[in-house]
Structures are given as structure tokens and as C-alpha cells.
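> A single structure is presented below for examination.
The values are calculated or read from the model by the stated rules, or taken from the named source; none is laboratory data. Note that the structure is a prediction, hence the values are computed from the model and not measured. Cβ: placed from backbone, ideal geometry, glycine included. Neighbour counts: every protein chain shown. Note: areas computed on protein heavy atoms with side chains; ligands, DNA, RNA excluded. Shrake-Rupley method; radii C 1.70, N 1.55, O 1.52, S 1.80 Å.
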Amino acid sequence: IVLSQFCPWKEHLYNVESDEDIENTIEFVIFVDSSGSWRVSTVPVTSTSFKFRKGLPEELRGLRDEELSEKSGVPDCIFIHAAGFIGGAKSKESALKLAKMSL
């Protein structure tokens, strides 16, 4: 799912998945943050869980900036958290590429 801005999405996402009978199908939520950068967030198994459905690539976790862009082949990367639950890039296109690499 791509959001044009951040908003609280977890509970709503689970409700929509349930209503549409598509539980556990959404893997990532991509949104622009307050600085204008884009974030790729994993979807937790439950709204209060630290376990996620699908994480960002293990080999890229903990990397930042140029090193991350070089190793991923995706331009303008900012970071991927060491746990793999969130990452960032300067453009929507790069955020989408990071998510697609994980699928």
C-alpha cells in the first residue's frame, strides 16, 4: 500500500483485510515522512507485535546512505533498520524498489 502521507494505518489495514477476506496479504506500507523522504514499513503480524510478515532484505539491514545504495543497486537510499522492519529512501520510486526486493 502506498500512502501520500503518514497516518495511523495498522488497525485500519487489519480491518480492511478482514472485511475484504484478504488477511495477511499486504506486506509493506510505503509513505512519505515529515521530511519529504519515503519510508518502507513492514506490516506486523498483529498491531502490537514486533514480528512482521516480511522483512526488508537481511543482507541490507543496518546499512545507510551510499553503502546501502551501492549494495542494493537502488539510488538515494537512506537506511534499512538493523532489524529489517523499516527503511527509507529519498524518492518514492526507490522506496518501492526496496519493498519489491523483499518480495
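> When you go through G36, G62 one by one, which is the residue that is touching a His at 6+ places or on another chain (Cβ under 8 Å) and more than 13 Å from L98 (Cα to Cα)?
From the options G36, G62, the qualifying one is G62.
> Being of a type in the set (D, E, K, R) and either in contact with an Asp or Glu (Cβ under 9 Å, 6 or more places away or on another chain) or closer than 21 Å to F6 by Cβ (or both) is the filter here; which residues of segment 40-63 pass it?
Once the filter is applied, which keeps residues that are of a type in the set (D, E, K, R) and either in contact with an Asp or Glu (Cβ under 9 Å, 6 or more places away or on another chain) or closer than 21 Å to F6 by Cβ (or both), segment 40-63 yields R53, K54.
> Please verify whether segment 55-65 includes one or more residues that are closer than 17 Å to E17 by Cβ and hydrophobic (A, V, I, L, M, F, W, C).
no
> Still on this structure, please answer the following. Among all residue pairs at least 6 apart or on different chains, which show Cβ distances below 8 Å where the first residue, located in segment 85-101, is touching a residue at least 12 places away in the same chain (Cβ under 8 Å) and open to solvent by 80 Å² or more (accessible area, probe 1.4 Å) and the second is of a type in the set (D, E) and in a loop (DSSP other than H, G, I, E, B)?
Every condition considered, the pairs that remain are K90/D76.
> Continuing with this model, one more query. List pairs: first residue in segment 38-59 and charged (D, E, K, R), second residue open to solvent by 40 Å² or more (accessible area, probe 1.4 Å) anywhere in the structure, Cβ distance under 8 angstrom, at least six positions apart or on different chains.
Close Cβ pairs (under 8 Å, with a partner that is open to solvent by 40 Å² or more (accessible area, probe 1.4 Å)) amount to R39/F6; K51/V45; R53/N24; R53/E27; R53/V45; K54/E27; K54/L103; E59/K71.
> List the helices (runs of 4 or more DSSP H) that sit entirely inside the chain and contain at least 2 residues that are touching a helix residue (DSSP H, G or I) at 6+ places or on another chain (Cβ under 8 Å).
Result: 65-72, 92-102.
> While we're looking at this one, here's another question. Please indicate, with yes or no, whether at least one residue in segment 18-28 is charged (D, E, K, R), open to solvent by 40 Å² or more (accessible area, probe 1.4 Å), in contact (Cβ under 8 Å) with a residue 60 or more places away in the chain and within 17 Å of M101 (Cα to Cα).
yes
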